[in-house]
1. Every residue in region 246-269 that is under 20 Å from Cys215 (Cα atoms) and among the β-branched types (Val, Ile, Thr), please.
2. Since Phe55 meets every condition but one in (1) more than 19 Å from the chain's Cα centre (by Cα); (2) surrounded by 13 or more Cβ atoms within 10 Å (Cβ to Cβ); (3) at pLDDT below 50, which condition does it not meet?
3. Can you name every residue in region 64-83 that is part of a loop (DSSP other than H, G, I, E, B), open to solvent by less than 70 Å² (accessible area, probe 1.4 Å) and in contact with a strand residue (DSSP E or B) (Cβ under 7 Å, 6 or more places away or on another chain)?
4. Looking only at region 107-119, which residues are open to solvent by 30 Å² or more (accessible area, probe 1.4 Å) and at negative phi?
5. For region 120-141: of the residues being surrounded by 15 or more Cβ atoms within 10 Å (Cβ to Cβ) and of a type in the set (S, T, N, Q), which is farthest from Ser265 (Cα to Cα)?
6. All but one of (1) farther than 13 Å from His210 by Cα; (2) of a type in the set (S, T, N, Q); (3) part of a loop (DSSP other than H, G, I, E, B) hold for Ser117; which doesn't?
7. Answer yes or no as to whether Tyr89 is over 30 Å from Asn177 (Cβ atoms) and either open to solvent by 20 Å² or more (accessible area, probe 1.4 Å) or in contact with an Asp or Glu (Cβ under 6 Å, 6 or more places away or on another chain) (or both).
8. Where in region 149-235 are the strands (runs of 3 or more DSSP E), entirely inside, with at least 2 residues that are aromatic (Phe, Trp, Tyr) and at pLDDT 95 or above?
Amino acid sequence: MKNIFLIILSLFLVTSCEKEIDLDLEDQSGSIVIEGNITDQAGPYYVKITKSVAFTQTNEYPAIENAKVILTDNTGQTETLLYVGNGMYQTSTFAGQSGRTYTLKIQAEGKEYSAQSTMPQAVPFDGLDQDSFAIGGETSYTLLPVFTDPPSLGNRYLFNFTVNNKPKKYFSEFADNVNNGMPNQRPIILPNDDGDEPDDVKVVIGDTIHVEMNCIDDNVYTFYSALLQLMGGGAGGGVTPANPPSNISNGALGYFSAHTVSKRSIVIQ
């Protein structure tokens, strides 16, 4: 399938730009693709419902327009989302909050789909430290997200960043399996690609890097970890064609994520 979905997805389906990710995936053209996010920031929140396309088709993802989309949480909050076009369904009064478990239920084209995601407690994002290294006379830069992992094991993080507000987004997923309860020691390596592609980026002095930190649950971490491995060619450089493991039932592709949002920016010096 020529890109099951737009991942850049839709971390934030409305306010952020999207980057197509071409993955070597099983050909499931015509499968439903669900991309849903709820955060601890003020809404509205969005669920996008489309259909996947085959390798040989153009990157046009047919919208599903007549779905029934219901969002609830474990405190009794519930809302039926309003269709606003292009496969997008929008909340109006629903509020996201850390510690709550959210359930998404969808009826579309005679089938039912459901997913759950628990929003973790936010971990303070204290800042960004810059460093650099040289390879072959070229300088590359890294950023160290400054935060301290909580004492309890099992925290999961997703970082995404842009360079100078350009549309291309970059992602890294972190887990606390090694440094549980300690200050973060894992840097983000900034792009150093000045090739011929239009979206190639080489970070240089004076560039502004906008970084977003998300605290995510374990199922969403598994999804992104698999997706990023596929994007990078997988361990050892090879990938067996497969779809990232979705937390949505009934064979749907995509994901449903309840996560926190913290943002920091830095100018490379």
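1. Just the residues of region 246-269 that are under 20 Å from Cys215 (Cα atoms), to begin with: 246-248, 254-265.
Scanning region 246-269 gives Ile248, Thr260, Val261.
2. For Phe55, the exception is condition (2).
3. Step one: list which residues in region 64-83 are part of a loop (DSSP other than H, G, I, E, B), which gives 64-67, 74-77, 81.
Still in the running and open to solvent by less than 70 Å² (accessible area, probe 1.4 Å): 64, 67, 76-77, 81.
Residues satisfying the conditions are Ile64, Ala67, Leu81.
4. First, pick out the residues of region 107-119 that are open to solvent by 30 Å² or more (accessible area, probe 1.4 Å): 107, 109-112, 114, 116, 118.
Answer for region 107-119, where residues must be open to solvent by 30 Å² or more (accessible area, probe 1.4 Å) and at negative phi: Gln107, Lys111, Glu112, Ser114, Gln116, Thr118.
5. Looking at the filtered set, the residue picked out is Ser140.
6. Here Ser117 meets the rest and fails (3).
7. On the way: over 30 Å from Asn177 (Cβ atoms): yes; either open to solvent by 20 Å² or more (accessible area, probe 1.4 Å) or in contact with an Asp or Glu (Cβ under 6 Å, 6 or more places away or on another chain) (or both): no.
Against the criterion (over 30 Å from Asn177 (Cβ atoms) and either open to solvent by 20 Å² or more (accessible area, probe 1.4 Å) or in contact with an Asp or Glu (Cβ under 6 Å, 6 or more places away or on another chain) (or both)), Tyr89 does not qualify.
8. On the way: elements: 156-163, 170-175, 208-216.
Here the list reads 156-163.
The values are calculated or read from the model by the stated rules, or taken from the named source; none is laboratory data. All values reported here derive from a predicted model rather than from experimental measurement. All Cβ positions, glycine included, derive from the backbone under ideal geometry; neighbour counts span all protein chains shown. For the accessible areas, the whole protein counts, side chains as well, though only heavy atoms, and no ligand, DNA or RNA atoms are used. Shrake-Rupley method; radii C 1.70, N 1.55, O 1.52, S 1.80 Å.
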